[in-house]
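Comments concern the structure below.
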Amino acid sequence: MFVVNQLSSFYQDPLRLCDMNFGEISKHLHRCPSLIVPVGSMEPIGLYTVTGVLTRCGEVLAEALSSKLQVLTAPSINYSCTTTFKSFEGCAGIKERTFTNMLTEICRDWIFQGFSRILLLSVSSENDTALNCVLKRLNHSNEKVKCFSLLSDTRVADLVSRNRVGKELGRSEYLILSLVRFLFPELLRDSHRSGAHRLPEPGEYRTWKKRGKDPQLFRKMFPDGSTSEISGKQSTETGKDLFNYIMKMLEEEYSPFLIVPQNAS
């Protein structure tokens with residue numbers, strides 16, 4: 001398998017809830033009451049790659065962290081706050097309120113079972129507002145849940161800006177597609193790599209956001225589903241550097257949270 005071969009230093013033995021029965025989960029829960037939850041997305045990244053590739057990237061990051069820390073990882077939450085993209089065939093999402101309620105209830109069930117530390121690993125900035133609401137609801141007494149948002153993290157953005165030259169709006173497709181070129185090159189559509197296109201002016205984009213993010217207008221502004229002029233310039237080496245940087249950051253920042261000593265709350 002490509003991912004395992006390329007990521008052998010990270011990807012030894014991920015612990016997946018969906019590969020265990022409840023008795024096996026219970027035994028591990030008593031050793032480590034922590035859980036990593038990849039929060040995915042069904043949105044278009046132009047014609048450069050498949051719908052749902054953001055979810056695939058989130059799964060690899062979550063499972064690599066699971067492998068490194070020996071913390072359980074949950075199945076991906078695949079449908080999220082991506083109704084903005086519903087004018088593109090196959091792309092689907094749910095409203096922020098629905099997503100907030102759904103994820104809050106799922107996490108409360110895990111907390112009820114004894115998971116006292118949950119890390120939400122989100123790959124789409126479209127989920128940020130709802131995820132902040134989830135954290136407020138679940139952390140009212142003490143911090144049980146934390147969230148890492150890949151496309152909103154300023155440290156990752158700073159690293160990307162050192163390699164990227166060109167305009168992007170709303171998200172970094174250069175970041176996404178560089179990760180994909182490293183992790184899943186078979187999911188890229190090479191025939192579209194060289195096609196640059198003009199983006200609307202930033203002011204037009206900001207006006208669209210303020211007026212409610214109309215999905216049909218989004219497709220008119222971005223007819224090929226891409227919000228980047230440089231999506232086709234991604235590279236394997238950049239993707240590898242990004243992956244290693246993100247994993248180092250995740251391990252350093254969230255190990256103290258996820259690795260809970262036995263008998264600790």
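Every number in this text was worked out from the coordinates using simple rules, so none of it is lab data. Owing to the predicted nature of the structure, the values given are computational and were not obtained by experimental measurement. Quick reminder, even Gly has a Cβ in these numbers, built from the backbone with ideal geometry, and neighbours come from all protein chains shown.
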> Which residues' amide hydrogens lie under 5 Å from the amide hydrogen of CYS81, considering only partners 5 or more residues apart or on another chain, with H built in the peptide plane?
Replying inline: ILE94
> the range 204-254: which trypsin sites (Lys or Arg not before Pro) are DSSP loop and have at most 14 other beta-carbon atoms within 10 angstrom?
Replying inline: ARG211, LYS213
> Once every DSSP H run of n ≥ 4 in the chain is given -39500 (n - 2.57) and the sum is divided by its residues, what mean residue ellipticity at 222 nm do you get, rounded to the nearest 500 deg cm²/dmol?
Replying inline: -14000 deg cm²/dmol
>> Within 9 Å, Cβ to Cβ, of PHE257, how many net charges do the neighbouring residues add up to if Lys/Arg are +1 and Asp/Glu are -1?
In response: 0
>> Taking the number of other C-beta atoms within 10 Å as the exposure measure, put TYR205, TYR48 in order starting with the fewest.
In response: TYR205, TYR48
> Which whole-angstrom value gives the distance between the alpha carbon centres of the range 11-80 and the range 209-246?
Replying inline: 23
> When LYS68, LYS167 are ordered from fewest to most other Cβ atoms inside 10 Å of their Cβ, what list results?
Replying inline: LYS167, LYS68
> For the range 94-111, what does the Karplus curve 6.51 cos²θ - 1.76 cosθ + 1.60, with θ = phi - 60°, yield as ³J(HN,Hα) per residue in whole Hz, taken in order and with x for Gly and Pro?
Replying inline: 10, 5, 4, 4, 5, 4, 4, 5, 4, 5, 4, 5, 4, 5, 5, 5, 5, 5
> Considering only DSSP states other than H, G, I, E and B, which GluC sites (Glu not before Pro) in the range 66-119 qualify as loop sites with at most 10 other Cβ atoms within 10 Å?
Replying inline: GLU89
> Between rounded, prolate and oblate, where does the range 44-147 land on the alpha carbon gyration tensor, with a ≥ b ≥ c its root eigenvalues, rounded for a/c under 1.5, else prolate if a/b exceeds b/c?
Replying inline: oblate
> HN-Hα J couplings of the range 120-129 from phi, Karplus 6.51/-1.76/1.60, θ = phi - 60°, integer Hz, Gly and Pro as x?
Replying inline: 8, 10, 9, 10, 10, 5, 4, 8, 4, 4
> What residue among ILE25, ILE45, ILE106 shows peak mean-square fluctuation when the chain is described by a Gaussian network model with Cα springs under 10 Å?
Replying inline: ILE106
> So what J values fall out for the range 172-178 if you push phi through Karplus, 6.51 cos²θ - 1.76 cosθ + 1.60 with θ = phi - 60°, rounded to Hz, Gly and Pro as x?
Replying inline: 9, 5, 4, 4, 4, 6, 5
> If you compute Rg and Dmax of the Cα atoms in Å for the structure shown, which of (1) 21.2, 96; (2) 18.5, 53; (3) 18.6, 57 do you land on?
Replying inline: (3)
> Under unit Cβ charges (Lys, Arg +1; Asp, Glu -1), what dipole magnitude, rounded to 20 debye, does the range 58-106 have relative to its Cα centre?
Replying inline: 120
> When ASP214, ASP128, ASP158 are ordered from fewest to most other Cβ atoms inside 10 Å of their Cβ, what list results?
Replying inline: ASP158, ASP214, ASP128
